[in-house]
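Read the structure below first, then the notes.
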Amino acid sequence: MSHPPQRPATRVVHAGWRPDEATGALMPPIYLTSTYVQDGPGRPRHGYEYSRTQNPTRFALQDALAELEGAACAFATTSGMAAIHTLLLTLKPGDLIVAGNDLYGGTWRLFTRIQERFGLRFRFVDTSEASVFEELPEETRLLYLETPSNPLLRITDLKAAVAGARRVGAEVCVDNTFATPVLQRPLDFGVDYVVHSTTKYIGGHSDVVGGALLARDEARQEDLWFHHNSAGTCDSPFDAFLTLRGLRTLDVRMERHCANASALAAWLEQHPAVERVHYPGLESHPGHAVAKRQMRAFGGMLAFDLAGGEEAARRFLDGLGLFQLAESLGGVESLVEIPSLMTHASIPPEERRAAGLADGLVRLSVGIEAREDLQAALEAALAPLVPARKS
Ligand code: PLP
């Protein structure tokens, strides 16, 4: 599917849109039906047979997402995990997946605790080091990346990743949850698949769980559709509606998320209680130059290490207002979490630490509130942690 030469702000509002054929309704009706009438056996009246297989509300979301990512096809799933799972279902026992070593903890758990049992093999590497793509094992079937990664905001060079994968005949999948298609379009770099947790920025309001799997090549559509339909990973019409409703404001929300996160990252970087800030928009970030090349802006997620480690992180949480302590991210409200104790607790501590994820790392999902209020809340929580000056 070609996408019109419009700016992202226009595209998110119009992508995949068409009025309802039956009524002219401007917004897609929520087709809450499990099945559809047939005029004779195997002769569905309007081509729709069963909602796991076809649902107009889900199709409306899929069309919008496909257009935004520049994909040939999109499949809306019950969750981000269901999208990743659906892609892996198309592989076969023995296939090798090379994946980033800084991934959402649930993805790591799906790979190592479920998919390995069914014969897939995984190797975890630091994909922010472009040299790893020169040494990909010949048998690599899929390269699986998050950029920016969760939670360390590491950046993978998409051009280098695709070139390395092509050399060994592997396909590439990018989890584009943190960036969203308004900041980064991996398929434009030759990536084969994009997955999303639409629970996050695309839904945008922390009121719905969902995911999406998209492919660049039309030839992949039938196989992905077969697995999506057969495994029943399809999104519900109601959730698809909510996700599409959120999607229409994605560009304006991302603008504020990015502006707030950039300003807070710069401010945190000079704060005496903070040891290190992980935000790809900072010049000090090792992936800054690559991020500048492949992203329009740097996103609303940031993480930081406190000088006092885990103990300081717990004290910081006690003093923090405004930011809610919760898992998830990408909603309009600001959230805070400690990955080692929450979103990434399913990864054994030794593996987490080896990947550079410190026990006291604090992750912020910076919302769209007034930046001054967010900064004041952070300052109040950080002030008691400032080490006493040596005289
Ligand atoms: N990918 C990333 C980067 C995530 O952060 C998450 C969830 O936090 C997921 C995938 C999984 O998505 P879901 O919770 O919608 O299943």
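Below are the figures for this structure:
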read-out	value
Test: residue in segment 266-277 that is closer than 20 Å to Leu306 by Cβ and of a type in the set (Lys, Arg)	yes
Scan of segment 151-176 for residues that are under 13 Å from the mean Cα position of the chain (by Cα) and open to solvent by less than 10 Å² (accessible area, probe 1.4 Å), ordered by number	Pro151, Leu153, Cys173, Val174, Asn176
Residue, farthest from the ligand (Cβ to nearest atom), within segment 184-198, restricted to residues that are open to solvent by 10 Å² or more (accessible area, probe 1.4 Å) and assigned to a loop (DSSP other than H, G, I, E, B)	Gly190
Selection count where residues are under 30 Å from Ala377 (Cα atoms), open to solvent by 10 Å² or more (accessible area, probe 1.4 Å) and either hydrophobic (A, V, I, L, M, F, W, C) or touching a helix residue (DSSP H, G or I) at 6+ places or on another chain (Cβ under 9 Å) (or both), scope segment 341-354	6
Where Ala99 falls short, out of the listed (1) over 22 Å from Ala231 (Cα atoms); (2) without any contact (Cβ under 8 Å) to a residue 24 or more places away in the chain; (3) touching a strand residue (DSSP E or B) at 6+ places or on another chain (Cβ under 6 Å); (4) not charged (D, E, K, R)	(2)
Among the residues listed as Gly321, Gly330, the single one being within 22 Å of the chain's Cα centre (by Cα) and either free of Cβ contacts under 8 Å to residues at least 60 places away in the same chain or in a loop (DSSP other than H, G, I, E, B) (or both)	Gly330
Filter result for Val209 (open to solvent by 10 Å² or more (accessible area, probe 1.4 Å) and not in a helix (DSSP H, G or I))	yes
Looking only at segment 199-216, and only at residues there that are in contact with a Leu (Cβ under 8 Å, 6 or more places away or on another chain) and closer than 26 Å to Arg141 by Cα, the one that is farthest from the ligand (Cβ to nearest atom)	Arg216
Conditions (1) under 22 Å from Ala25 (Cβ atoms); (2) in contact with a Phe, Trp or Tyr (Cβ under 9 Å, 6 or more places away or on another chain); (3) open to solvent by 50 Å² or more (accessible area, probe 1.4 Å): number failed by Arg245	(2)
Residue in segment 35-55 that is among the basic types (Lys, Arg), farther than 29 Å from His14 by Cα and either open to solvent by less than 50 Å² (accessible area, probe 1.4 Å) or out of contact with any strand residue (DSSP E or B) (no Cβ under 8 Å at 6 or more places or on another chain) (or both) present	yes
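The values are calculated or read from the model by the stated rules, or taken from the named source; none is laboratory data. Quick caveat, the model's predicted, so the values are computed rather than measured. Cβ sites come from the backbone with ideal geometry, for glycine too, and all protein chains shown count toward neighbours. All accessible areas refer to the heavy atoms of the entire protein, side chains included, with ligands and DNA or RNA removed. Shrake-Rupley method; radii C 1.70, N 1.55, O 1.52, S 1.80 Å.
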